[in-house]
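The values are calculated or read from the model by the stated rules, or taken from the named source; none is laboratory data. Note that the structure is predicted; figures quoted are calculated from it, not measured. With ideal geometry, Cβ positions are generated from the backbone for all residues, glycine too; neighbour counts draw on all protein chains shown. What goes into the accessible areas is simple: the full protein's heavy atoms, side chains included, and nothing from ligands, DNA or RNA. Shrake-Rupley method; radii C 1.70, N 1.55, O 1.52, S 1.80 Å.
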Amino acid sequence: MKKQKAKRKAFEPPRAKKSGAAKRRAQPPAARAVPAKGAGTNPQRVRAILQKLDEAYPDVVCALEHENPFQLLISTILSAQCTDVRVNQVTKTLYVKYPTPKDFAYADPKDLEQDIRPTGFFRNKTKSIIGASKKIVEEFGGEVPRTMEQLLTLPGVARKTANVVLGTAFGIASGIVVDTHVTRLSERLDLSRNTDPKKIELDLMKVIPREKWILFSHQLIWHGRKVCQARKPRCAECNLERLCYARDKTI
């Protein structure tokens, strides 16, 4: 057995030595350098990002069509896992059929389910809308609360919905709206390295001036829809491109 092993070894072709150039070609390409932790939130860089957003979206507002704070609350509940365009299509007739919080509070659940069915998750949304409306009618005198603490007691209302209502309807900067667009752009712009919306909001609140909180969220949402899209960001059209070092840039 030992002789056979030795014989096979004798017939192995000699391995060619790689030159220095060949070794360099054989090595995998170097990965893109990852900025140091906190580099993205450098105050000077954050100011530059805000300036570019102001240039691109100076007067943007919430895309959900509404006439009062209560309608905005209902529209925001409906917008979960649904586009604002679809919500606006549904609410054109919805707010005619149910013009007041009382109308929603004591609506027939089966009827309301069918009215909001195109927005998806209509059973859960119906429970939230009726529950929130009843609490507003019975505990808040028919008026939408103006504090984060009170809004969070309403069924179906979490921080995102509360921030939308407080910021857009009342001009109260209690926090920053974090939806799917804000989540994605916060990561791409290295403003947050968290994935949980609550942690992302805290990260953004630390680096974005409070007077910018309301407008900033609208700007990121619009930028995410128009330019920095999820599947294929349109980096060539982005005025933030030079400030962005996302790994999935298309240029």
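Here are the numbers for this structure:
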| read-out | value |
| --- | --- |
| Simple spin-label estimate for Glu138 and Ala63 in nanometres, 7 Å along Cα-Cβ | 3.6 |
| Residues whose placed amide H lies under 5 Å from that of Ile172, excluding near-sequence neighbours | Gly167 |
| 12 Å cut-off, amide nitrogen to a point 7 angstrom out along Ala230 Cα→Cβ, residues in region 182-213 | 182-185 |
| Pairs from Lys52/Lys226; Lys160/Lys212; Lys97/Lys127; Lys92/Lys135; Lys97/Lys160 whose Cα-Cα separation, in the structure shown, is over 20 Å | Lys92/Lys135; Lys97/Lys160 |
| Probe 1.4 Å, accessible area per residue of region 133-204, Å² | 45 |
| Size of charge dipole - region 46-202 - debye, nearest 20, with Cβ of Lys, Arg +1 and Asp, Glu -1, no other charges | 440 |
| Inter-label distance for Cys82 and Lys198, nm, one decimal - labels placed 7 Å from Cα along Cα-to-Cβ | 2.6 |
| FRET efficiency, Ala56 to Lys127 (Cβ-Cβ, R0 41 Å, nearest 0.05) | 0.60 |
| Cα-based equivalent ellipsoid, region 108-219: semi-axes from gyration tensor eigenvalues, Å | 29, 18, 11 |
| Net +/- balance of residues flanking Lys226 in space, Cβ distance below 12 Å, scoring K and R +1, D and E -1 | +1 |
| Under the Karplus curve 6.51 cos²θ - 1.76 cosθ + 1.60, θ = phi - 60°, whole-Hz ³J(HN,Hα) for region 225-239, x wherever Gly or Pro sits | 6, 8, 10, 8, 6, 5, 7, 8, x, 8, 4, 5, 9, 8, 7 |
